[in-house]
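S.K.: Structure in C-alpha cells, see below.
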C-alpha cells in the first residue's frame, strides 16, 4: 500500500461505484452473450446451458466475494497478483501474474480479431465490400484489430476516467440491444425445444484425436469422450465461464477508485447481478427459439443463427451491430486490466521498473499502456488467435483458485486489517470457491492444459532469469540479511577483542 503512493509510480483515484459496475458489464456483455452461449448449447449442454450459466455465475460470485474482501483490505493495482503477493509469497504471485497476462493478453487479442471480422459483417449489411484483412508485405493483416486497439490505447493513455465515460456510452447501447434480443426472441419461443432439458450423453467420434479435445477429468477417469449429459453440462459451464472473466479485471483498477473499501465491492456485485440476469434470460430465449441440434450444426453458432433459423433475418442484422458494439468495450477494459497487472509487477521490480513510470499530469502508466496495446495489436492482427480461446478460461480460473485460498491466509496473517467487506462463512465459502474453480479447470480440454503448462514453464524461466534478481522485496531482504551478517561479525569481533 505504501508502494501505491510512490511518486512517479502511482495512479490517480478517479473512479466511483457506477464506473466499476459499468466496467464489469462492459467487459462481460460481449462475446459471451452473443456467441459463447450458442456454442455451449449446441456442442455441449443443449437447453441446460441455462444451468451452465447459473453454475458459472455462482462460481464467479464466490470468487468475486474473495476479490471484494481483498480489494477492500488492500486497494492496490494488480488484482489477484497483488493479493497473492500479500499472502502466499512472491513465487506464487509471479505465477498468478503470469496467468493473468495469459488471460488478458489472449482475451484482448481474440476479441480484437473478432471485432475486425464483425466490422466487415456490418459493412456487408450496408453492401460495402470491405475485406476484414489486407495484404502487407505478403502478410494477411486484420486491419480492424489494429484500428480498435490503437483507439482505446490512446484513450487509456489520456485518462482512465475518460475511458470509463466512453465505456458507459457504449455499454448502455449494447444493454439496450440485448434487451431487444430478449423481447423479440420471446415471441419465437417453442416450449417443445426445451425437451430434453439435459440431452442424453452422446459419444463423440474421431479416434485418438479426441484425447486432446476431451476434458482433463474425462481423460484421467478413463471415461469415453462424449457430448451432452451431465459431463456436457459441466463442460458447458467451463466454456461459458469465459463470459464472466471481466470481474477480476475490475479488481485490477482498485488503486484508481475513490473510497475503494466501499466502492469496489459495490461496483463488482452490482455488475455481476446485471450480467447474470441478462445471460440467463438470453440463454432461455436462445434454446427456446430453436432446437439445440440446429445450433450444433453451425460451427460458428451465435444468437444470429437462431434468429435466421426462425426467419427473423432483420433481427440478425441488429444483433451483428450489437456484437460489434459489445466487443468494443470488452477490448478497452481488457487493455486496462492487462496494463494494470503489468504495472504492478513492474513496480515490484519483477519486470523492468521503467515501465511503471506514470504521467505526472494524467496519472496513467503511459509506457506500459503503449507496450500493451502494441503487443495485443500485433497478436490480433497477424496471428490466428482462435485456437487460444480456452487459454483465457484456464488463466482466469487459476487466479480465482489462489485468490480464494489467499483470503483464508490473510484472515489468519493479518486479522487487524480493516475490511469493508468480509466473505461470509469463511473459510468454508472460500474453500468451496477454490474447489468449484478447480473443478471447472478439470473440465477444460487436455490440449488446453498442455498449453497452460508450457506457458507456466516459460514464466518460471523468466522469473528465475530476471524477476527474482530484480525484485524490490528480494533486494531489500538481501540488504537486511547482509546488514545482519555484518552486525553479527562486528559483535563476534568485539567479543573476541574483549
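S.K.: Being over 14 Å from residue 99 (Cβ atoms), buried (at least 20 other Cβ atoms within 10 Å of the Cβ) and more than 19 Å from the chain's Cα centre (by Cα) narrows it down to one residue among 429, 382, 410, 417; which is it?
M.R.: 410
S.K.: Going by the structure shown, is residue 286 farther than 19 Å from residue 181 by Cα and touching a residue at least 12 places away in the same chain (Cβ under 8 Å)?
M.R.: When the stated conditions are applied, residue 286 does not pass them.
S.K.: Which condition number does residue 134 fail, the rest of (1) surrounded by fewer than 24 Cβ atoms within 10 Å (Cβ to Cβ); (2) more than 28 Å from residue 175 (Cβ to Cβ); (3) in contact (Cβ under 8 Å) with a residue 40 or more places away in the chain; (4) touching a helix residue (DSSP H, G or I) at 6+ places or on another chain (Cβ under 6 Å) being met?
M.R.: Going through (1) surrounded by fewer than 24 Cβ atoms within 10 Å (Cβ to Cβ); (2) more than 28 Å from residue 175 (Cβ to Cβ); (3) in contact (Cβ under 8 Å) with a residue 40 or more places away in the chain; (4) touching a helix residue (DSSP H, G or I) at 6+ places or on another chain (Cβ under 6 Å) one by one, residue 134 breaks only (3).
S.K.: Give the number of residues within segment 246-288 that are surrounded by fewer than 24 Cβ atoms within 10 Å (Cβ to Cβ) and in a loop (DSSP other than H, G, I, E, B).
M.R.: Number of matching residues: 2.
S.K.: Conditions first: (1) within 27 Å of the chain's Cα centre (by Cα); (2) modelled with pLDDT under 85; (3) exposed (fewer than 13 other Cβ atoms within 10 Å of the Cβ). Residue 221 passes all but one, so which condition is the exception?
M.R.: Result: residue 221 passes all but (1).
S.K.: In this structure, is residue 288 out of contact with any strand residue (DSSP E or B) (no Cβ under 7 Å at 6 or more places or on another chain) and either at pLDDT below 80 or over 25 Å from residue 116 (Cα atoms) (or both)?
M.R.: yes
S.K.: Would you please list the contacts, defined by Cβ atoms under 9 Å and residues six or more apart or on different chains, that run from a residue in segment 358-375 that is at positive phi to a residue that is assigned to a helix (DSSP H, G or I) and at pLDDT below 90?
M.R.: As it stands, the answer is 363/160; 363/256, since those pairs meet every condition given.
S.K.: Something else now. Please tell me if residue 117 is free of Cβ contacts under 8 Å to residues at least 40 places away in the same chain, surrounded by fewer than 24 Cβ atoms within 10 Å (Cβ to Cβ), under 24 Å from residue 317 (Cβ atoms) and out of contact with any helix residue (DSSP H, G or I) (no Cβ under 7 Å at 6 or more places or on another chain).
M.R.: Judged against the criteria, residue 117 is a match.
S.K.: Right, here's the next one. Given the conditions (1) touching a strand residue (DSSP E or B) at 6+ places or on another chain (Cβ under 9 Å); (2) more than 30 Å from residue 412 (Cβ to Cβ), report the number of the one that residue 113 does not fulfil.
M.R.: (1)
S.K.: On the given criteria, is residue 177 closer than 17 Å to residue 337 by Cβ and surrounded by 14 or more Cβ atoms within 10 Å (Cβ to Cβ)?
M.R.: Spelling it out, it is not the case that residue 177 is closer than 17 Å to residue 337 by Cβ and surrounded by 14 or more Cβ atoms within 10 Å (Cβ to Cβ).
S.K.: Would you confirm, using the coordinates I've provided, whether residue 450 is modelled with pLDDT under 85 and surrounded by fewer than 16 Cβ atoms within 10 Å (Cβ to Cβ)?
M.R.: no
S.K.: Something else now. Check whether at least one residue in segment 311-326 is assigned to a loop (DSSP other than H, G, I, E, B) and more than 18 Å from residue 194 (Cβ to Cβ), and report yes or no.
M.R.: Looking for residues that are assigned to a loop (DSSP other than H, G, I, E, B) and more than 18 Å from residue 194 (Cβ to Cβ), one finds at least one in segment 311-326, hence yes.
S.K.: Filter segment 291-310 for residues that are outside any helix (DSSP H, G or I) and closer than 23 Å to residue 119 by Cα; which is modelled with the lowest pLDDT?
M.R.: Among those that are outside any helix (DSSP H, G or I) and closer than 23 Å to residue 119 by Cα, it is 300.
S.K.: Starting from residues that are outside any helix (DSSP H, G or I) and at pLDDT below 85, keep the ones in segment 69-125 and report whichever is farthest from residue 330 (Cα to Cα).
M.R.: It comes out as 74.
S.K.: Going by the structure shown, is residue 360 crowded, with 17+ Cβ neighbours inside 10 Å, within 30 Å of residue 158 (Cβ to Cβ) and at pLDDT below 85?
M.R.: Taking the combined requirement at face value, the residue does not satisfy it.
The values are calculated or read from the model by the stated rules, or taken from the named source; none is laboratory data. Given the structure is predicted, the values throughout are model-derived calculations rather than measurements. So basically every Cβ, Gly included, is an ideal-geometry build from the backbone, and we count neighbours across all protein chains shown.
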